[in-house]
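Each remark here refers to the structure printed beneath this line.
The values are calculated or read from the model by the stated rules, or taken from the named source; none is laboratory data. Computed from a prediction, not measured in an experiment: that's the story for all the values here. Please note: Cβ atoms are built from the backbone with ideal geometry, for glycine as well, and neighbour counts cover all protein chains shown.
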Amino acid sequence: MYDKDYKKTAVELRIQQSILDDHDDPDIQRLRKNHICFALLSLVNQFYMLERQCRNFGTDVEIHLGEIQMIMTIHNAQGIHVNGLAQKLGITKGSVSEMLRKLERKGLVRKEKDPLKMTRLNIYLTDKGLLAHQNHICLHQKLDNLVLEAAAEHGPELLKSFTSLLNDILMRLAAFSKG
């Protein structure tokens, strides 16, 4: 499930980025200079590409986006079981089990029998999984700081107005997509 969705999204992102980066197309250049939608799309695309990059998060293994998201979920609910993970993540138990096998092989999680229900396995982060989680949080703090530094150069009132503008655009886009 993850690999197919990831590959489709990755291809779409590469196509979209190549269009956004086309410096020879006069229409693209006109859009780049004059349209806020183009700037927002480029910004969101860049953040999304950064988020989708496979990283090691301070460990000796590569960790994909879906894996680090599962690690975050386990961190926030230590001892959660497969059904609980599937429900929280909105994916099938089979997908959860498959990803847990990968995370266990990488030494990021461990399974223990539930003392109250011996047929159920509870999931915990290993020290390496906890390290990956902590480094993932640090990555997001760095990205937040990058945005805050850029915003600080423009003053707090502009940041407040821009945040309000973005929230307004999000609400209008949600309404537009429904109608």
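Taken over the stretch 46-60, the criterion of being under 11 Å from the mean Cα position of the chain (by Cα) and not in a loop (DSSP other than H, G, I, E, B) is satisfied by 47, 48, 49, 50, 51, 52. Cβ separations smaller than 6 Å between residues 6+ apart or across chains give the following pairs from the stretch 122-140 residues that are assigned by TED's automatic domain parsing to the domain that holds residue 71 to residues that are in a helix (DSSP H, G or I) and among the β-branched types (Val, Ile, Thr): 123/74; 125/74; 129/71; 132/71; 133/71; 136/68. Residue pairs whose Cβ atoms lie under 9 Å apart, separated by 6 or more positions or on different chains, with the first residue in the stretch 43-55 and under 22 Å from residue 133 (Cβ atoms) and the second not in a helix (DSSP H, G or I), are 52/64; 54/62; 54/63; 54/64; 55/62; 55/63; 55/64. Going residue by residue through the stretch 75-82, is there one that turns out to be under 17 Å from the mean Cα position of the chain (by Cα) and of a type in the set (A, V, I, L, M, F, W, C)? Looking through the stretch 75-82, none of the residues is under 17 Å from the mean Cα position of the chain (by Cα) and of a type in the set (A, V, I, L, M, F, W, C). For the stretch 115-123, state whether one or more residues are among the aliphatic types (A, V, I, L, M) and under 21 Å from the mean Cα position of the chain (by Cα). No, every residue in the stretch 115-123 fails to be among the aliphatic types (A, V, I, L, M) and under 21 Å from the mean Cα position of the chain (by Cα).
In the set 153, 67, 112, only one residue is closer than 24 Å to residue 47 by Cα, of a type in the set (Asp, Glu) and in contact (Cβ under 8 Å) with a residue 12 or more places away in the chain; that residue is 67. Considering only the stretch 74-85, how many residues are of a type outside the set (A, V, I, L, M, F, W, C) and either over 22 Å from residue 115 (Cα atoms) or crowded, with 16+ Cβ neighbours inside 10 Å (or both)? Going through the stretch 74-85 one residue at a time, the tally reaches 3.
The combined condition, being without any contact (Cβ under 8 Å) to a residue 40 or more places away in the chain and surrounded by 15 or more Cβ atoms within 10 Å (Cβ to Cβ), is fulfilled by residue 88.
Among residues that are within 21 Å of the chain's Cα centre (by Cα) and among the aliphatic types (A, V, I, L, M), residue 72 is included.
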